[in-house]
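The values are calculated or read from the model by the stated rules, or taken from the named source; none is laboratory data. Everything quoted here is computed from the prediction, not taken from an experiment. Note: ideal-geometry Cβ built from the backbone for every residue, glycine included; neighbour counts use all protein chains shown.
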Number of protein chains: 2
Amino acid sequence: MKRRSTASKEEVLAVLKAEETAMSHDMLQSKLSVSMDRATIYRILNRFCEDGQVHKFVGDDGKQYFALCINCGDETEHHHHNHFHFKCLECGKVECLRDEVEVSLPKGYVTRSFNGFISGVCAGCSSLKKGEE
Amino acid sequence: MKRRSTASKEEVLAVLKAEETAMSHDMLQSKLSVSMDRATIYRILNRFCEDGQVHKFVGDDGKQYFALCINCGDETEHHHHNHFHFKCLECGKVECLRDEVEVSLPKGYVTRSFNGFISGVCAGCSSLKKGEE
DNA sequence: TTATTATTGCAACAAAGTCGCATTAATTAA
DNA sequence: TTAATTAATGCGACTTTGTTGCAATAATAA
Ligand SMILES: [Mn+2]
Ligand SMILES: [Mn+2]
Ligand SMILES: [Zn+2]
Ligand SMILES: [Zn+2]
């Protein structure tokens, strides 16, 4: 099952790149210049995940978010996603936090998947709020 | 708006205590000895959260989970929930991991809420699997 | 007992995500 | 270039989760 190059696929990828933020399905759909079915968007995103271009996580709103992988061409080292994602409650941007975290599990516990999500206020927005005072 | 003591409320609390695992709405409903409406269960659980008896988090399945708070009577120290939750993919149990974690955010970022969730295999289940080999 | 109002059940609803299936279109083979 | 193959899409149907409005019920206070 080889991947085909389609306009929809390119458009989704373009939006993800342009916005520079992790996006939920609905955020993405509202930014698309070409209208596209909901199921199609999910299928495109999940294909990206399978291919390792994108990773998926779940927000504290229960929604799935999708973010471009950095260094995804890098085959040499293991591709981990043990990092937190941060959602700014002011500007709405969702970003990957750089640091890979490690959680110390009790003896005998094994990790299969990691989902870290923090909501708060980003630097830009909190400095704006300071200025307003 | 003072709380009233009702059978439903006691039953939900009893199940949470007995099961010793964080539970999603559907897990809980299936364990109830008294049938109860879905909305009622959510309302009871959310009231527990408001009162600080229970805390809520979101799993990587996008569902809300509810767990009893330990030391909830303890008014002296701040009641934090910056801990991970672990779901065993074998036995299904969801538990709070003891350690409070701290994530180093970029300069100027402020945390409002924390949601940490790890799926994997717990000690009991991974030792069972070893035994089977 | 009676009045007050927190709690419940029920129905309706919105949103998220998935799936089957017929149609379309990208790619490959002829 | 044309025909065959099959990945990708659109659409509708569906499930699950969670919320809300409203009338009925019942715990508590008066
Ligand atoms: Mn990645
Ligand atoms: Mn707690
Ligand atoms: Zn912001
Ligand atoms: Zn287990």
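Spot the failing condition for A:LYS2; the list is (1) at pLDDT 95 or above; (2) within 16 Å of DNA strand D (Cβ to nearest atom); (3) away from chain B (no Cβ under 12 Å), and only one is missed.
(1)
Any chance region B:14-21 includes a residue that's away from DNA strand C (no atom under 13 Å from the Cβ) and within 14 Å of chain A (Cβ to nearest Cβ)?
The answer is no, given that none of the residues of region B:14-21 is away from DNA strand C (no atom under 13 Å from the Cβ) and within 14 Å of chain A (Cβ to nearest Cβ).
Could you go through region B:72-81 and let me know if any residue there is surrounded by 14 or more Cβ atoms within 10 Å (Cβ to Cβ), in a loop (DSSP other than H, G, I, E, B), at pLDDT below 95 and not hydrophobic (A, V, I, L, M, F, W, C).
Taking region B:72-81 and keeping what is surrounded by 14 or more Cβ atoms within 10 Å (Cβ to Cβ), we get B:72, B:81.
Still in the list and also in a loop (DSSP other than H, G, I, E, B): B:72, B:81.
Still in the list and also at pLDDT below 95: B:72, B:81.
From what is left, the residues that are not hydrophobic (A, V, I, L, M, F, W, C) are B:81.
Yes, the conditions are met somewhere in region B:72-81.
Give the residue, chosen from A:ASP60, A:ASP51, that is within 16 Å of ligand 2 (Cβ to nearest atom), without any contact (Cβ under 8 Å) to a residue 60 or more places away in the chain and on the phi < 0 side of the Ramachandran plot.
On the way: A:ASP51 fails: within 16 Å of ligand 2 (Cβ to nearest atom).
Result: A:ASP60 is the single residue among A:ASP60, A:ASP51 that is within 16 Å of ligand 2 (Cβ to nearest atom), without any contact (Cβ under 8 Å) to a residue 60 or more places away in the chain and on the phi < 0 side of the Ramachandran plot.
Hey, any hits in region A:67-81 for a residue that's in contact with a Cys (Cβ under 7 Å, 6 or more places away or on another chain), polar (S, T, N, Q) and away from every other protein chain (no Cβ under 12 Å)?
no
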